[in-house]
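Novice: Let me give you the structure first, and then I'll get to my questions.
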Amino acid sequence: MVKQIDDEYYQLMRQIQAVDFVLVELTLYLDTHPDDENALKQFNQYSAYSRQVKQVFEGKYGPLMQFGVSNNPGPRWDWGSGPWPWQV
Amino acid sequence: MYNPNLNQFTPIKQYKPFHSTFDPCPPLKRKYYRTPPNLYINFQPPNLEQFPPYEALMKGTLWKALYDYYENPYKERKS
Amino acid sequence: MWVYEKKLQYPVKVSKCNPTLAKYLIEQYGGADGELAAALRYLNQRYSIPDKVVGLLTDIGTEEFAHLEMIATMIVKLTKDATPEQLREAGIGEHYVNHDSAVFYHNSAGVPWTAAYIQAKGDPIADLYEDIAAEEKARATYQWLIDISDDPDINDSLRFLREREIVHSLRFREAVELLKEDHDQKKIF
């Protein structure tokens, strides 16, 4: 089954990509600057924000991550339904 | 510690390759190569200025000092 | 272990059907300085390097897989729905007769990926210097791809990937600095 992909899908996805990109950058930075407290604080803020946005997205379009990392799979197993990232 | 003064370098350098009269292709007047900002930073200092999240994604880095826009330097050349 | 996330790291758009461009882009999929080589190189080096840089190798290696998926997405979108005739005219008839529309780990000249592209020397400095060189070579490849491509949307994604090489290169150089430090000395900025 392929879910309906609307404008909101792209909007929310873009938001997630932006927030998660900040996390990627801060992660690599913290890997070589583990004592930078400001960066760590910012990382924690964005990490919480990322979880929030993903909760909204996943409620509408299904889980983003597997093996139970995305909690609450909903009433039916949705992982296998498209579209996949390279298709949208 | 090295303090990057990040406005004091150009990210693009050029040189003039020798052109022989026996080289059949029309001469490339200038050959370009890139020297991106990472080459001028030894160890990133803390609290560098950041892009806002969406702009950071679009640019490919969170840090302004590391951003280097690339464009084909030979675009103008017709032949 | 790894956990997959059902999203691209960066939105990939393609302006038009262009199988020739796909042929060039596959250099960064299965070529010597491509994303597969990068990911496997870094993740494999982790097992023989001081603990304090293992986190960085893990994270950059993992990010490279996200880049691999972006390249695959570009190739898939550039060739999707192209007919065998179009593929032949684009110069990828050789790919078609072996793979149909499947993506495969080879470079733009069709040479299959080999572990000979990468190294794990067991010497932390030698390995990190190889990683720095790999990032600069990948940056150069992205430049030549941008030069040769006439698709503004593809170039947008390629610019993102090129910028990532710049950031990774700096992080690897910082890792070298961390390994050069004397044990009791704390990093002073």
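The values are calculated or read from the model by the stated rules, or taken from the named source; none is laboratory data. Everything quoted here is computed from the prediction, not taken from an experiment. Glycine also receives a Cβ, built like all others from the backbone with ideal geometry; neighbour counts cover every protein chain displayed. All accessible areas refer to the heavy atoms of the entire protein, side chains included, with ligands and DNA or RNA removed. Shrake-Rupley method; radii C 1.70, N 1.55, O 1.52, S 1.80 Å.
Novice: At 1.4 Å probe size, with no ligands or nucleic acids counted, give the accessible surface of C:W2 in Å², nearest ten.
Specialist: 120 Å²
Novice: Buried by at least 30 Å² relative to the chain on its own: which residues of the range C:1-42 qualify, computing accessible area with a 1.4 Å probe on protein heavy atoms?
Specialist: C:V3, C:Y4, C:E5, C:K6, C:K7, C:L8, C:Q9, C:Y10, C:P11
Novice: Here is a follow-up. What is the interface area between chains A and B, defined as buried accessible area summed over both chains with a 1.4 Å probe, reported in Å² to the nearest 100?
Specialist: Buried: approximately 1200 Å² between B and A.
Novice: Which of the residues in the range C:159-174 lose at least 20 Å² of accessible area when you go from the chain alone to all protein chains together (probe 1.4 Å)?
Specialist: Listed in order, they are C:R159, C:F160, C:R162, C:E163, C:R164, C:I166, C:V167, C:L170, C:R171, C:R173, C:E174.
Novice: Just the number, please: buried accessible area between C and B, total of both chains, 1.4 angstrom probe, nearest 100 square angstrom.
Specialist: Adding both sides of the contact gives about 2300 Å².
Novice: Quick one: if you stick a label point 7 Å off each Cα along the C-beta vector at A:W84 and C:T62, how many nm between them?
Specialist: About 2.1 nm separates the two model spin labels.
Novice: Grab the Cα-Cα distance for B:F9 and B:L48, subtract it from 0.36 nm times how many residues apart they are, and report the gain in nm with one decimal.
Specialist: 12.3 nm
Novice: Another question, then. Using the Cα centre as the reference, give the magnitude of the dipole from point charges on the C-beta atoms of the protein assembly as shown (Lys, Arg: +1; Asp, Glu: -1; all else neutral), rounded to the nearest 20 debye.
Specialist: Value, rounded to 20: 680 debye.
Novice: Further question on the same structure: Taking 0.36 nm per residue of separation and subtracting the Cα-Cα distance, what length does fully extending C:D123 through C:V54 add?
Specialist: Going from the current span to full extension adds 23.5 nm.
Novice: Using a probe radius of 1.4 Å on heavy atoms only, what accessible surface per residue do you get for the range C:95-174? Whole Å² is fine.
Specialist: 41 Å²
Novice: Separate question: Which order do B:K59, C:K6, B:K31 take by accessible area at a 1.4 Å probe, largest first?
Specialist: B:K31, B:K59, C:K6
Novice: For the protein assembly as shown, treating each Cα as an identical point scatterer without solvent, what Debye log10 I(q)/I(0) comes out at q = 0.07, 0.14 1/Å?
Specialist: Once normalised to I(0) and log-transformed, intensities are -0.33, -1.32.
Novice: Roughly what would the spin-label model give for B:Y40 and B:D23, points 7 Å off Cα along C-beta, in nm?
Specialist: About 2.9 nm separates the two model spin labels.
Novice: Moving on. On C-alpha positions alone, give me the angle between the axis of helix C:54-79 and the longest principal axis of chain C, in degrees, nearest 10.
Specialist: Helix C:54-79 sits roughly 10 degrees off the main axis of chain C.
Novice: How big a patch of accessible area, both sides summed and in Å² to the nearest 100, lies buried between C and A at a 1.4 Å probe? Intermediate results must be reported in sequence, preceding the final value.
Specialist: Details: alone 10580 and 6740 Å², together 14790 Å².
It comes to approximately 2500 Å² buried between C and A.
Novice: When only Cα pairs under 8 Å and 6 or more residues apart are kept, what is the percent relative contact order across chain A? Can you show the working numbers first?
Specialist: Values: 46 pairs, mean separation 33.2, N = 88.
It rounds to 38 percent for chain A.
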